[in-house]
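The values are calculated or read from the model by the stated rules, or taken from the named source; none is laboratory data. Being a predicted model, the structure only gives us computed values, none of them experimental. All Cβ positions, glycine included, derive from the backbone under ideal geometry; neighbour counts span all protein chains shown. These area figures cover heavy atoms from the full protein model, side chains too; ligands, DNA and RNA do not enter into them. Shrake-Rupley method; radii C 1.70, N 1.55, O 1.52, S 1.80 Å.
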Amino acid sequence: NAGVTQTPKFQVLKTGQSMTLQCAQDMNHEYMSWYRQDPGMGLRLIHYSVGAGITDQGEVPNGYNVSRSTTEDFPLRLLSAAPSQTSVYFCASSAGLAIYNEQFFGPGTRLTVL
Amino acid sequence: KNQVEQSPQSLIILEGKNCTLQCNYTVSPFSNLRWYKQDTGRGPVSLTIMTFSENTKSNGRYTATLDADTKQSSLHITASQLSDSASYICVVSASWGNDMRFGAGTRLTVKP
């Protein structure tokens, strides 16, 4: 199993550009989520999904869109990139929300917005 | 104010020594507390998870403790190795859904 994969690993955008961060998992997990990690701060939840066709907002959803058309894929779209979106983005998946379900993280995408 | 505070922010120890990392939280109602290890340039990897009724959990040389009354947890690393150099993140979940609150982490450096 590849686990959780993310592409690209690095990306530089200009202000106003749009792009999609890809996330895929091969563990048949129902729950997937996107976080951003900024220096000196804990990871913050952007959006999450409890299954195909179901998504919801997390703590910091503004400027981001998601969709979940399949169990495996959970792309994150930046509609109009801003310098405040410079961050490291992590995708994660788990079998569900039960307490002992381990959450598996991808390797991250480092995004810089100029 | 962050609901999960970790200390120290960073720590340098010599290989073979022990160390203890602290996590204080205000998340309520409490469901569970997890410790993750995050190597540089990688995603976090789970070390331990504890619920309200558990006050200690071990994973090899890592031992986590939880005092739900004082809302404190610690992660003790025994006989440190160079590969322990990483950030250690405390994550506390409330009793509803997926509300996980992440601490900012402690950056541990183990030197030979």
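Here's a check for you: in the stretch A:42-79, which residue that is in contact with a Gly (Cβ under 9 Å, 6 or more places away or on another chain) and open to solvent by 70 Å² or more (accessible area, probe 1.4 Å) is nearest to A:Gly16 (Cα to Cα)?
Within the stretch A:42-79, the match that is nearest to A:Gly16 (Cα to Cα) is A:Leu79.
Identify, please: which residue in the stretch B:42-61 is out of contact with any Lys or Arg (no Cβ under 8 Å at 6 or more places or on another chain) and in a strand (DSSP E or B) and is, among those, least open to solvent (accessible area, probe 1.4 Å)?
Ranking the qualifying residues of the stretch B:42-61, first place goes to B:Thr51.
Could you check B:Ser73 against (1) under 25 Å from A:Pro39 (Cβ atoms); (2) outside any loop (DSSP other than H, G, I, E, B); (3) within 11 Å of another protein chain (Cβ to nearest Cβ) and say which number it fails?
B:Ser73 satisfies every listed condition except (3).
Under 8 Å by Cβ, and 6 or more places apart or on different chains, what pairs join a residue from the stretch A:73-85 that is at pLDDT below 95 with one that is not hydrophobic (A, V, I, L, M, F, W, C)?
Here the result reads A:Leu79/A:Ser18; A:Leu79/A:Gly63; A:Leu79/A:Tyr64; A:Leu79/A:Asn65, each pair linking the stretch A:73-85 to a residue that is not hydrophobic (A, V, I, L, M, F, W, C).
How about the stretch B:79-112: which of its residues are more than 14 Å from chain A (Cβ to nearest Cβ), surrounded by 15 or more Cβ atoms within 10 Å (Cβ to Cβ) and part of a loop (DSSP other than H, G, I, E, B)?
Let us first name the residues in the stretch B:79-112 that are more than 14 Å from chain A (Cβ to nearest Cβ), namely B:79-85, B:108-112.
From what is left, the residues that are surrounded by 15 or more Cβ atoms within 10 Å (Cβ to Cβ) are B:80, B:84-85, B:108, B:110.
Answer for the stretch B:79-112, where residues must be more than 14 Å from chain A (Cβ to nearest Cβ), surrounded by 15 or more Cβ atoms within 10 Å (Cβ to Cβ) and part of a loop (DSSP other than H, G, I, E, B): B:Ser80, B:Ser85.
What residue, among those in the stretch A:95-114 that are under 14 Å from the mean Cα position of the chain (by Cα) and either crowded, with 19+ Cβ neighbours inside 10 Å or under 17 Å from A:Asn65 (Cα atoms) (or both), is farthest from the other protein chains (Cβ to nearest Cβ)?
Looking at the filtered set, the residue picked out is A:Leu111.
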